[in-house]
Amino acid sequence: MKKNVTIIGFGGQGGWHANHAINSDVVSLLGIYDIDEKKSELARSKGIHSYSSLEEAINDSKCDIVVVATPNDCHKEIVIKALEAGKNVICEKPVEMSVKALDEMIDAAKKSGKLFTVHQNRRWDVDFLAMKKIIEDGDIGEVIRIESRIHGSRGIPSDWRCHKQFGGGMILDWGVHLIDQMLLLIPEKIKKIYCDITNITTDEVDDGFRLNLYFESGKTALVEVGTYNFIAMPRFYMQCKSGSAKIEDWRQNAQVAKCLAWHESDVLPVQTAAGITKTMAPRDEITLKTYEIDRPVSDVHDFYRNFVNAIDGKEIQLITHDQMRRDLAVMEACFKSAELGSPVYFE
Ligand code: NAD
């Protein structure tokens, strides 16, 4: 049987959850609550029930799942209230802004015996899944380094995202997705991180950042978000022990180059202004095989299918509390590193 969903916050993302619930095979929409009366009116104009208070919304006895889609600064309070009201909770990302706050939410979930997760919907992004497939296939060997970038050129949206008090800034907005993905691509112990932020379009919050991750195994990673990049660098770039892979743009296939033989007998030099170079000359097809991999099949609605099955005890919740804590610990370290201008070491 379908589970009933109540949505708190009917803005851009609350609207996405509402549309999803209306068309879903596993959940139905009960209604929404928003502090802004205009949003409630909008909901009613679409035939969606709107509750008159948060308490009324989360205490509706027909509600199985509360979805929290408010700005980042009020996630904790609403999540804890919903858990205490005996509901399962899906919170929008970033789940909170500190590990301490998240721990209070996890405690409330444990006390209530209800499920609590975060909507890391970019785990279903095809570019990320393509990189994961390349690593799992193993054709180009073990990872040495992965670089994951999102470069835009429109600054931060001019809503609550450009204000610190509401949890604005790109580390919390896009960083949480890219960090979550990276820690799934390299699920290893972190030794240290170093992060610097940009303030090109605003001083109040970071409008971009560059995070370097150093793992105990020696693997390294870069996660970068930019909002002032009029030419974008590739979405993903990966060096492995037997080759490299790249995704230029998230609409494109992954390109893979597999090294067939390390030594080349005849290297055709490249002519540069300063002279010729053999060291930096491209390889030919005798020592390098290049190919593309098909875009993996993905359905973002599997997030809800998993959560509903987890409530029914048929599947394990995909996005776990440990993963939520880990992502948040890295984000906290990013802010600390940027403030101190130095690396942050992990225990
Ligand atoms: P938004 O500004 O479009 O909508 C937020 C809504 O919450 C507004 O209608 C506002 O009136 C309402 N609101 C604010 N405080 C409230 C409260 N205390 N109780 C009830 N309603 C309240 O913002 P958005 O873009 O929809 O972002 C909302 C959340 O969703 C954020 O956490 C954001 O990071 C997340 N988000 C996630 C994704 C994703 O892909 N997973 C995409 C966009 C946004």
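The values are calculated or read from the model by the stated rules, or taken from the named source; none is laboratory data. The shown structure was predicted, so the numbers you read here are calculated from the model rather than taken from an experiment. Note that each Cβ is placed from the backbone with ideal geometry, even for glycine, and that neighbours are counted across all protein chains shown. Quick note on the areas: whole protein, heavy atoms, side chains included, nothing else; ligands and nucleic acids left out. Shrake-Rupley method; radii C 1.70, N 1.55, O 1.52, S 1.80 Å.
For Arg161, indicate whether it is open to solvent by 10 Å² or more (accessible area, probe 1.4 Å), touching a residue at least 12 places away in the same chain (Cβ under 8 Å), within 20 Å of Asp196 (Cα to Cα) and in contact with a helix residue (DSSP H, G or I) (Cβ under 8 Å, 6 or more places away or on another chain). Yes; evaluated as a whole, the condition is true for this residue. Exactly one residue among Ile80, Ile48 is among the β-branched types (Val, Ile, Thr), part of a helix (DSSP H, G or I) and over 15 Å from His119 (Cβ atoms), and that residue is Ile80. Only a single criterion out of (1) over 23 Å from Trp160 (Cβ atoms); (2) buried (at least 24 other Cβ atoms within 10 Å of the Cβ); (3) within 13 Å of the ligand (Cβ to nearest atom) is not satisfied by Asn88, namely (3).
Only a single item in (1) open to solvent by 30 Å² or more (accessible area, probe 1.4 Å); (2) more than 26 Å from Arg251 (Cβ to Cβ) is not met by Val126, and it is number (2). Candidates in segment 164-217 are the residues that are surrounded by fewer than 19 Cβ atoms within 10 Å (Cβ to Cβ) and within 13 Å of the ligand (Cβ to nearest atom); of these, the one that is farthest from the chain's Cα centre (by Cα) is Gln165. The set of residues in segment 75-85 being within 10 Å of the ligand (Cβ to nearest atom) and either more than 12 Å from Glu55 (Cα to Cα) or acidic (Asp, Glu) (or both) consists of His75, Glu77.
Among the residues that make up segment 29-36, is at least one of them part of a strand (DSSP E or B), of a type in the set (A, V, I, L, M, F, W, C), more than 10 Å from the ligand (Cβ to nearest atom) and under 25 Å from Val300 (Cα atoms)? Yes - at least one qualifying residue is present in segment 29-36.
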